[in-house]
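Input: one structure, supplied below.
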Amino acid sequence: MKIVIAPDSFKGSVSAKDAALAIEKGVKKAFPNADTVLIPVADGGEGTLETLITATRGQKVYTKVTGPLGKEVDAHFGVLGDQTTCIIEMALASGLNLIDESERNPMLTTTYGTGELIKSALDQGYRNFVLAIGGSATNDGGVGMLQALGMQFKDKDGNEIGYGGGELDKIHGIFIDHFDKRIKESTFSIASDVENPLIGEKGASYVFGPQKGATAEMVKILDKNLLHYANLVEIATGIRLHDMPGAGAAGGIGGAFSAFFPSDMQRGIEVVLEYANFADVLNGVDLVITGEGKVDFQTAYGKTPMGVAQAAQKKNVPVIILAGSVGENIQNLYQYGVVGIFSIINGPMSLDKAMKEAEGLLETSVEQVCRTYFWNHVDQ
């Protein structure tokens with residue numbers, strides 16, 4: 001019996017790596033001799049760097065950058081096992097996790113630190129990049145990142161604008177003369193599962209602004225400012241970001257990559273599975289177990305369990321999904337080789353208790369799931 005264990009993190013409680021280890025314990029309780037392969041995964045959000053470093057036996061390079069509120073923070077980028085590909089995780093420099101909830105304000109937060117990470121990697125000679133852009137605290141259209149790389153955004157008096165989405169309406173001109181020339185020599189794969197446009201009711205500000213601390217009034221201002229920014233980008237480059245799918249990712253940084261970088265946008269989970277050689281790992285496998293904190297109708301739009309299931313389906317390998325909570329309208333997942341979706345919660349409990357005990361709950365649930373699924377393999 002061979003089982004591949006490929007979960008994402010259970011956000012706020014268990015990392016993807018620890019989730020995989022807990023699932024393995026559950027499998028071994030049911031079938032001690034089972035052959036298990038652990039591949040912790042991510043979909044372009046937090047944890048993507050760690051996942052790719054682990055999968056490819058790469059390493060981390062530590063540095064200091066400007067955090068989302070302008071204060072210096074410790075950060076790092078990764079170098080994959082091929083020693084040529086650099087992985088930048090936006091959340092490590094410009095992430096929501098770096099700010100106390102009371103300080104969240106996308107009018108002020110900047111992507112400058114993400115640009116500094118890219119510059120640091122360029123300085124060390126890297127030209128092939130994977131950008132994981134989930135988990136951002138920002139809504140500045142990627143302007144901070146571009147400023148860190150030499151692009152200038154000046155107001156009507158010729159002064160550089162400040163940090164944050166609240167400054168974008170001050171932009172009078174975009175000047176690219178000093179933009180880092182090494183960008184054109186490089187390639188950038190943008191790992192994201194977001195297809196939202198830059199502006200409008202389905203855009204960056206309206207959809208993601210509130211979770212980053214934006215009030216209803218802020219959302220309107222941020223969207224208006226991004227519209228102003230998009231108009232100027234179109235004048236400068238001829239590229240229309242306004243309704244471009246994916247341009248609204250990470251507060252609009254997806255649009256910045258589309259307009260100013262030699263880049264392509266890919267589903268985050270597909271990037272991770274490719275670097276992990278997931279298709280080859282599936283050969284001779286009897287079952288794949290995946291999961292994340294919440295599974296609902298949104299899971300079918302590119303989240304980790306969906307990506308894992310689609311890859312496994314190509315090899316006719318069944319998939320079981322585990323989740324902290326299971327929402328509504330999950331039926332679509334069954335057409336992609338998913339044979340069961342289970343919540344790990346085994347009784348009434350508070351969210352806080354469930355998060356603290358997530359590893360134990362995973363272990364217990366997996367043991368029961370495996371005993372049920374492999375009921376006729378008791379000798380294994």
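The values are calculated or read from the model by the stated rules, or taken from the named source; none is laboratory data. As the structure is a prediction and not an experimental result, all values here were calculated from the model. FYI the Cβ positions are ideal-geometry reconstructions off the backbone, even for glycines, and counts take in every protein chain you see.
Which of the residues belonging to the stretch 278-306 are assigned to a helix (DSSP H, G or I) and modelled with pLDDT under 90?
297, 298, 299, 300, 301, 304, 305, 306 - these are the residues of the stretch 278-306 that are assigned to a helix (DSSP H, G or I) and modelled with pLDDT under 90.
Further question on the same structure: Can you name the strands (runs of 3 or more DSSP E) wholly within the stretch 139-248 that have at least 3 residues being within 25 Å of the chain's Cα centre (by Cα) and at negative phi?
Correct list: 187-191.
Still on this model: Looking at the stretch 117-138 only, could you name the residues that are of a type in the set (S, T, N, Q) and either part of a strand (DSSP E or B) or closer than 14 Å to residue 184 by Cα (or both)?
Matches in the stretch 117-138: 128, 136.
Please specify each residue of the stretch 23-46 satisfying the condition of being in a loop (DSSP other than H, G, I, E, B) and touching a residue at least 40 places away in the same chain (Cβ under 8 Å).
If the condition is that a residue be in a loop (DSSP other than H, G, I, E, B) and touching a residue at least 40 places away in the same chain (Cβ under 8 Å), then 31, 33, 34, 39, 41, 42, 43, 44, 45, 46 are the ones that fit.
Based on what the data block shows, is residue 162 at pLDDT 95 or above and either more than 22 Å from residue 75 (Cβ to Cβ) or surrounded by fewer than 23 Cβ atoms within 10 Å (Cβ to Cβ) (or both)?
The answer is yes for residue 162.
Another question about this same structure. Quick test for you: out of 126, 112, pick the one residue that is touching a Cys at 6+ places or on another chain (Cβ under 6 Å) and on the phi < 0 side of the Ramachandran plot.
So the residue among 126, 112 that is touching a Cys at 6+ places or on another chain (Cβ under 6 Å) and on the phi < 0 side of the Ramachandran plot is 126.
Under the condition of being modelled with pLDDT of 90 or more and assigned to a loop (DSSP other than H, G, I, E, B), which residue from the stretch 314-342 is surrounded by the most Cβ atoms within 10 Å (Cβ to Cβ)?
Here the residue is 317.
Considering each residue of the stretch 1-20, count those that are touching a strand residue (DSSP E or B) at 6+ places or on another chain (Cβ under 8 Å), in a helix (DSSP H, G or I) and either in contact (Cβ under 8 Å) with a residue 40 or more places away in the chain or not assigned by TED's automatic domain parsing to the domain that holds residue 299 (or both), and give that number.
Result for the stretch 1-20: 1.
So residue 261 fits all but one of (1) surrounded by fewer than 18 Cβ atoms within 10 Å (Cβ to Cβ); (2) in contact (Cβ under 8 Å) with a residue 40 or more places away in the chain; what number is the exception?
Among (1) surrounded by fewer than 18 Cβ atoms within 10 Å (Cβ to Cβ); (2) in contact (Cβ under 8 Å) with a residue 40 or more places away in the chain, residue 261 violates only (1).
Would you mind telling me which numbered condition in (1) at positive phi; (2) in a strand (DSSP E or B); (3) of a type outside the set (A, V, I, L, M) residue 83 fails?
Every listed condition holds for residue 83 apart from (2).
I'm told residue 169 meets every condition in (1) of a type in the set (D, E, K, R); (2) over 16 Å from residue 111 (Cα atoms); (3) crowded, with 24+ Cβ neighbours inside 10 Å except one. Can you identify the failing condition by its number?
(3)
Would the stretch 336-352 turn up any residue that is within 17 Å of residue 14 (Cα to Cα) and touching a residue at least 60 places away in the same chain (Cβ under 8 Å)?
The answer is no, given that none of the residues of the stretch 336-352 is within 17 Å of residue 14 (Cα to Cα) and touching a residue at least 60 places away in the same chain (Cβ under 8 Å).
Let me ask something else. Given the criteria in the same structural domain as residue 95 (by TED's automatic domain parsing), surrounded by 17 or more Cβ atoms within 10 Å (Cβ to Cβ) and part of a helix (DSSP H, G or I), does residue 52 qualify?
When the stated conditions are applied, residue 52 passes them.
Restricting to the stretch 227-243, and then to whatever is in contact with a helix residue (DSSP H, G or I) (Cβ under 6 Å, 6 or more places away or on another chain) and not charged (D, E, K, R), can you tell me which residue is farthest from residue 136 (Cα to Cα)?
Only one residue tops the list, namely 237.
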